[in-house]
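Worksheet: one structure, shown below.
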Amino acid sequence: MSTKATLAHHAGDLSWHLYEEAFEAGVVYLELQGVAVELITRKTAGADVVLRLPIETAKQLGLHTRVPPERWAAIK
């Protein structure tokens, strides 16, 4: 059973998924799929990157604007 709760997402060649974990307060996660980075990359193309962000940092990046206001307000 997944503990991820999706806040917003976009599917495409470069996909992203903004979510929270059910039992982890004060942070959200931003998963980037297929991006070009200097990491260990996928054999096919790019890499998957998951950023663990404090809620305040997510707000500074404007990520809260992609989430319905009532959903964002429920994040603790």
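Where a number appears in this text, it was derived from the coordinates with a stated rule and is not lab data. Everything numeric here is computed off the predicted structure, so don't read it as measured data. All Cβ positions, glycine included, derive from the backbone under ideal geometry; neighbour counts span all protein chains shown.
Each peptide in 43-52, 27-36, 11-20 receives the mean, over its residues, of other Cβ atoms within 10 Å, and ordering these scores from highest gives 27-36, 11-20, 43-52.
With distances taken between every two different alpha-carbon atoms, segment 4-73 has a Kirkwood hydrodynamic radius of 12.8 Å.
Each Lys and Arg adds +1 at its Cβ and each Asp and Glu adds -1 at its Cβ; summed about the Cα centre, the chain shows a dipole of about 60 debye.
Remark on Leu7: its backbone amide H falls under 5 Å from those of Leu18, Tyr19, Glu20, a criterion applied only to residues 5 or more positions apart or on other chains, H modelled at 1.01 Å from N.
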